[in-house]
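Readers should treat all values here as calculations from the given coordinates under stated rules, not as data from a laboratory. Not measured: the values here are computed from a predicted model. All Cβ positions, glycine included, derive from the backbone under ideal geometry; neighbour counts span all protein chains shown.
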Amino acid sequence: MLASRALVRGLQSGFWRRVSTSSGAWAAHTHDVDVLDCSAPQYNNRLDTPLPDVPFVRNLSAEQKKLKEKEKGPWTQLTKEEKLAIYRLTHELSFSEMKKGSKEWMTVLGGMFFFFGFTGLLVWWQRVYVYGDVPHTFSQEWIDKQTQRMIDMRVNPVHGFSNKWDYEKKQWK
Amino acid sequence: MMISAAVLRGLASLTRARASHTAPLAIRCYSHAKVETDEEFDSRWVTYFSKPDLDAWELRKGMNTLIGYDLVPEPKILDSALRACRRLDDLASAIRILEAVKDKSGPHQEIYPYVIQELRPTLQELGISTPEELGIHTV
């Protein structure tokens, strides 16, 4: 909240800076109330709704009001800057600004990888410092005896385990 | 056609109580609603925006609805909408409409220059600048 109010004041320091003074947002800013009246029409930037319900700037300064009066006359008499200012009074972002996108995805991806890495460290630490020894049936001696037993009893002789053992030459195929 | 009719009759004899469900093959199951032609659609929208006492809400509603359709509006509809903006003293909406047309064209980049070319007399008459002339077509 405080950051956005400072931002509003910063924006107002320039000429024709775009500040939303549409009633709902302004009320939230000036009266320090966090509640936006959702029953009132709000401004929005949408590609599929080119003409928003309310203009972006509703509380016009004296200069802006004069510009609006000039808009009622022939538009051929408006300069490019005036036309641009009129556009910015009603619309916060142009279509190209709306479609611009951001680099946020890099932040998201980077954050994901960071936390994956952090979790990996935790998992490694757990494996080394928390887990006890593996059962004795994983020792090499046991596995050798186990493998010999599997060969002797012809485990999966057609396509599987014993199929890979050459019984004549007594070695793996 | 004839063979399948015989098969159908054969099937009908197997399932005794279902004679009413065998649909005649000649009628297709299309809707009987009248389809609006493109010209009727265009003239309906031109008439909508041509209403002399069109108010701001109706302009916004019409434009937002039109942009919601899966098509790029014809220049004559846009011409009518731009003149409605003029009646309502709303230059910003006129420029916004041109931006929306460019956006609606999507990947078909030849549509927008064609529309601007068709609308050029109106744009000059009313004094509407295109987004390109104002520099808001790029960021």
| query | Do you know which residues across the stretch A:89-109 are assigned to a helix (DSSP H, G or I), facing chain B (nearest Cβ under 7 Å) and surrounded by fewer than 19 Cβ atoms within 10 Å (Cβ to Cβ)? | reply | A:SER96, A:GLU97
| field | Residues (surrounded by 11 or more Cβ atoms within 10 Å (Cβ to Cβ) and under 16 Å from B:LEU98 (Cα atoms)) located in the stretch A:47-74 | value | A:LEU47, A:THR49, A:PRO50, A:LEU51, A:PRO52
| With respect to the numbered conditions (1) farther than 30 Å from B:GLU99 by Cα; (2) out of contact with any Ser or Thr (no Cβ under 6 Å at 6 or more places or on another chain), which one is the sole condition not fulfilled by A:MET98? | (1)
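Results for (1) in contact (Cβ under 8 Å) with a residue 12 or more places away in the chain; (2) more than 12 Å from every other protein chain (Cβ to nearest Cβ); (3) under 23 Å from A:LYS99 (Cβ atoms); (4) not hydroxyl-bearing (Ser, Thr, Tyr), shown as yes or no for each residue.
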{"residue": "B:ASP53", "(1), (2), (3), (4)": "no, yes, no, yes"}
{"residue": "B:PRO75", "(1), (2), (3), (4)": "yes, yes, no, yes"}
{"residue": "B:ASP79", "(1), (2), (3), (4)": "yes, yes, no, yes"}
{"residue": "B:PRO107", "(1), (2), (3), (4)": "no, yes, yes, yes"}
{"residue": "B:GLU118", "(1), (2), (3), (4)": "yes, yes, no, yes"}
{"residue": "B:PRO121", "(1), (2), (3), (4)": "no, yes, no, yes"}
{"residue": "B:SER129", "(1), (2), (3), (4)": "yes, no, yes, no"}
{"residue": "B:HIS137", "(1), (2), (3), (4)": "yes, no, yes, yes"}
| field | Qualifying residues in the stretch A:36-71 (those that are under 12 Å from B:ALA92 (Cβ atoms) and in a helix (DSSP H, G or I)) - the one nearest to the other protein chains (Cβ to nearest Cβ) | value | A:GLU71
| request: Go through the stretch B:58-135 and tell me which helices (runs of 4 or more DSSP H), entirely inside it, have 3 or more residues that are in contact with a Lys or Arg (Cβ under 8 Å, 6 or more places away or on another chain). | output: B:91-105, B:111-126, B:131-134
| message | Given (1) within 29 Å of A:ARG46 (Cα to Cα); (2) surrounded by fewer than 10 Cβ atoms within 10 Å (Cβ to Cβ); (3) basic (Lys, Arg), identify the lone condition not met by A:LYS170. | response | (1)
| message | Just checking, does the stretch A:142-160 include any residue being surrounded by 13 or more Cβ atoms within 10 Å (Cβ to Cβ), without any contact (Cβ under 8 Å) to a residue 12 or more places away in the chain, closer than 30 Å to B:GLU99 by Cα and charged (D, E, K, R)? | response | no
| message | Return the residues of the stretch A:110-154 that are assigned to a helix (DSSP H, G or I), of a type in the set (S, T, N, Q) and closer than 30 Å to A:TRP165 by Cβ; say none if nothing qualifies. | response | A:THR137, A:GLN140, A:GLN146, A:THR147, A:GLN148
| note | Restricting the stretch A:75-84 to residues that are in a helix (DSSP H, G or I) and not aromatic (Phe, Trp, Tyr), the one surrounded by the most Cβ atoms within 10 Å (Cβ to Cβ) turns out to be A:LYS83
